[in-house]
Amino acid sequence: MNYTELSNAIQAYTENTEADFVANIPVFVTQAEQRIYNSVQFPSIRKNVTGSMTTNNKYLQCPVDFLSVFSLAVINASGEYEYLLNKDVNFIRQAYPQPTDTGIPRYYALFGPRSDNAAELTFILGPTPDAGYSSELHYYFYPPSITVAPLTSWLGDNFDTVLLYGSLVEAYTYMKGEQDMMALYNGKYQEALALAKRLGDGLERGDAYRDGQTKLRVTT
């Protein structure tokens with residue numbers, strides 16, 4: 001389902017083609033996308049980037065589309081990956097209080113906005129890097145919305161049910177619709193969301209070799 005098909009479906013389900021309503025459909029859809037992406041950790045909303053830790057600089061900049069961490073690793077001189085442990089900022093400050101506390105980083109914490117750009121976050125590292133190590137960050141992000149060109153998305157292509165009913169919940173809230181219909185759409189959304197969680201938080205995190213095949217108990 002692309003955005004045009006989704007928009008047409010929303011108008012058909014709600015029987016609403018008023019100009020103001022249609023103009024707000026992108027808002028309904030993006031709100032639904034955010035709710036879904038914050039409810040299910042699909043592998044498709046995870047990406048990885050490589051970066052560089054600067055000698056004697058305990059801060060590492062986050063990507064501009066960063067939402068949350070999956071993992072952070074430092075690559076040592078032998079090319080081996082050493083995964084850092086997530087800690088609180090106060091732990092790192094107390095464990096490595098001096099600028100001379102340097103070495104290969106072992107810990108990291110989400111520090112906060114950069115002083116020169118409040119919209120961009122940074123990590124604080126402990127100890128402070130003693131060399132220019134490479135790093136690899138796996139993180140969660142919001143993928144491009146189906147409302148922008150090319151008007152397609154992973155959700156629209158692979159799990160359009162949850163996207164449709166999530167958008168209908170937002171649309172019917174805008175319309176201040178009847179409670180029974182709101183309950184119906186919300187129920188359908190919750191059903192679709194449960195199936196999406198089964199996929200993103202279940203099936204995509206294992207296989208039959210490791211976990212065994214799913215089977216129903218047979219009674220006689």
Chymotrypsin sites (Phe, Trp or Tyr not before Pro) in the range 93-156 lying in a DSSP loop, each with at most 16 other Cβ atoms within 10 Å of its Cβ, come to PHE141
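Enumerate by residue number the GluC sites (Glu not before Pro) in the range 1-52 meeting two conditions: DSSP loop (anything except H, G, I, E, B), and at most 14 other Cβ atoms within 10 Å of the site's Cβ. Could the numbers behind the result be given before it?
Values: sites: GLU5, GLU15, GLU18, GLU33; in loops: GLU15, GLU18.
Listed in order of number, the matching sites are GLU15, GLU18.
Scale the Cα Rg of the range 44-195 by the rule-of-thumb value 2.2 N^0.38 Å and send over the ratio, two decimals. Before the final figure, lay out each step's value.
On the way: Rg = 21.2 Å, N = 152, 2.2 N^0.38 = 14.8 Å.
Its radius of gyration relative to the 2.2 N^0.38 Å reference: 1.43.
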Hydrodynamic calc, the range 105-220: Kirkwood Rh from Cα pairs, then Stokes-Einstein at 25 °C with viscosity 0.890 mPa s, so D in µm² s⁻¹ is 128 µm²/s
The local net charge around GLN11, scoring Lys/Arg +1 and Asp/Glu -1 for residues other than GLN11 whose Cβ lies under 13 Å from its Cβ, equals -4
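Where Lys and Arg each count +1 and Asp and Glu each count -1, what net charge lies around ILE104 among other residues with Cβ under 13 Å from its Cβ? Display every interim value, and only then the final one.
Details: positive: LYS58, ARG106; negative: GLU80, GLU82, ASP101, ASP130.
Surrounding charge for ILE104 is -2.
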In units of 2.2 N^0.38 Å, the Cα radius of gyration of the range 60-147 is 1.16
So the carbon and sulfur contribution to the accessible area of the range 100-220, 1.4 Å probe, in percent, is 53 percent
The distance between the Cα centres of the range 151-168 and the range 1-73, in whole Å, is 12 Å
Projected area averaged over all directions for the convex hull of the alpha carbon atoms of the range 1-105, nm², comes out at 10.5 nm²
Computed ³J(HN,Hα) along the range 72-80: with the Karplus parameters 6.51/-1.76/1.60, θ = phi - 60°, integer Hz and x for glycine or proline, the list is 9, 10, 10, 9, 7, 5, 8, x, 8
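The values are calculated or read from the model by the stated rules, or taken from the named source; none is laboratory data. Only a predicted model underlies this, so the values are computations on that prediction, with no experimental measurement involved. FYI the Cβ positions are ideal-geometry reconstructions off the backbone, even for glycines, and counts take in every protein chain you see. Protein only, heavy atoms only, side chains kept; ligands, DNA and RNA dropped before computing areas. Shrake-Rupley method; radii C 1.70, N 1.55, O 1.52, S 1.80 Å.
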